[in-house]
Amino acid sequence: MKLLYLIFHGFEAYNGISKKIHYQVSALKKCDVETRLCYIHIENDGYQRRMIDDQVLENIGHGIKAKIKKRVDYSAILNYIEKNNINLIYIRSYHNANPFLISFVKQAAKVGVKTLLEIPTYPYDNEYINSSLPTRLQLLTDKLFRRKLAHNIFRIVTFSNETNIFGAKTINISNGTDFDAIKIKEPTNSNPNIITLISVAEIHVWHGFDRLLKGLTEYYKVKQDVEVRYEIVGYGDEREISKLKNYIIQNKLENYVTFHGPQYGDSLDSLFNQASIGIASLGRHRSGITNIKTLKNREYAARGIPFIYSEVDNDFEEKPYIMKVSADESPINILDVIAFYEKVKTIPAIEIRNSINNLSWKNQMEKVILACK
């Protein structure tokens, strides 16, 4: 089987989505699928190229013409598919259903190519509520054409429990992890009177980190014997980050909360080594989501640290190293977090990691390939 993995953007070393895509491609190759990765590379001067692995497929140019061309002209990809006998296209949705993408999928089908569409988060409309006008217009276009796009593809790959999305049948998998790429937490001589919480994310309002900050505000209203610190790693919605930083200043949490910005490699490993508990999503209810299988939960488990979340994640609901909090707007009770830590701090990191052996990307992508045969 020959597969083309198609995305509509480029990569950043510290970005969790970028890592995930490379993990998936690696996993597909381990499944004996000949896999090529098609993406957009943008030079520092704004010049854009469409790439297949490390080879230039086409020069797109720069400026407005390039922005339009890469969204409407898929002829170079179609030529590549026919010339190289590709028989399966795996598209990661960019919420960009439109007539040009539909035409591309139809033309690929005419030469016997099946198309899969991965929708990373479903439903996703509520994620756009506070977005800019151009971004909301993109969603409007997507709404107009996504059912027709779904009608012309083979299956939608989803991390939800939905059996049908936009009229298309689904392949249900979990987000996975690459155990070769994620280091397990190393023991450190940490102060027993300090508990360090960590969030690693592309920061958005639905992560609900403000709930944790409000909990810290309540906790530090009186003098405490146990110091609880919160390390926030990543970038994201600048407005949400600004709100969080302003809240920290207004409530005098500067000594307890640190924004590290994007981190990867040794610096990220070091932060995880100091961490006691991972803080995953605490606000998915804000985007209308109840069931989801996030990357964050899996990375925390692969690192070997306990973690806290509020949604329903069927891969972790009964695990002894997770703490569920209510899916509402209440502040997180820090005393409950401390009690949770006291209960789970003796669970070995390797035991947590080994509990998700079934969540390797190879296992998950095998489900996709089997559904296509």
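A short reminder: the numbers here are calculations on the coordinates, not readings from a lab. Every value quoted in this text rests on a predicted model; they were computed, and no experiment measured them. Cβ sites come from the backbone with ideal geometry, for glycine too, and all protein chains shown count toward neighbours.
Here are a few things to note about the model shown:
- Farthest towards the positive end of the charge dipole of the range 194-355, among the residues 255, 320, 301, is the Cα of 255, using unit charges on the Cβ of Lys, Arg, Asp and Glu.
- Peptides 339-352, 14-27, 204-217 ordered by average Cβ neighbours within 10 Å, highest first: 204-217, 14-27, 339-352
- For residue 304, neighbours were defined as the other residues whose beta-carbon sits under 14 Å from its Cβ, and their charges (Lys and Arg +1, Asp and Glu -1) total +3.
- Residues residue 164 and residue 274, FRET efficiency given R0 of 35 Å [Cβ-Cβ distance, rounded to 0.05]: 0.20
- For the chain, the spread of Cα positions along each principal axis, largest first, Å: 69, 42, 38
- Seen from residue 216, the other residues with C-beta closer than 11 Å to its C-beta sum to a net charge of +2, counting Lys and Arg as +1 and Asp and Glu as -1.
- Under a model in which nothing but the beta-carbon of Lys, Arg (+1) and Asp, Glu (-1) is charged, the chain shows a dipole of about 1320 debye around its Cα centre.
- About the centre of its Cα atoms, the range 214-373 shows a dipole size close to 200 debye [charges on the beta carbon of Lys, Arg (+1) and Asp, Glu (-1) only; nearest 20 debye].
- Put in order of Cβ neighbour count within 10 Å, fewest first, the listed residues 223, 324 become 223, 324.
- Projecting label points 7 angstrom from Cα along Cα→Cβ for residue 131 and residue 335 puts them 4.2 nm apart.
- Under 12 Å, Cβ to Cβ, from residue 113 - net charge with Lys/Arg +1 and Asp/Glu -1: +3
- Cα-projected label distance for residue 214 with residue 73, points at 7 Å along beta-carbon direction, nm: 5.1 nm
- Note on residue 82 and residue 249: the model spin-label points, each 7 Å out from Cα along the C-beta direction, lie 5.9 nm apart.
- Each of 112, 96, 164 was placed along the dipole of the range 69-164 (beta-carbon charges, centred on the mean Cα), and the one lying farthest toward the positive end is 112.
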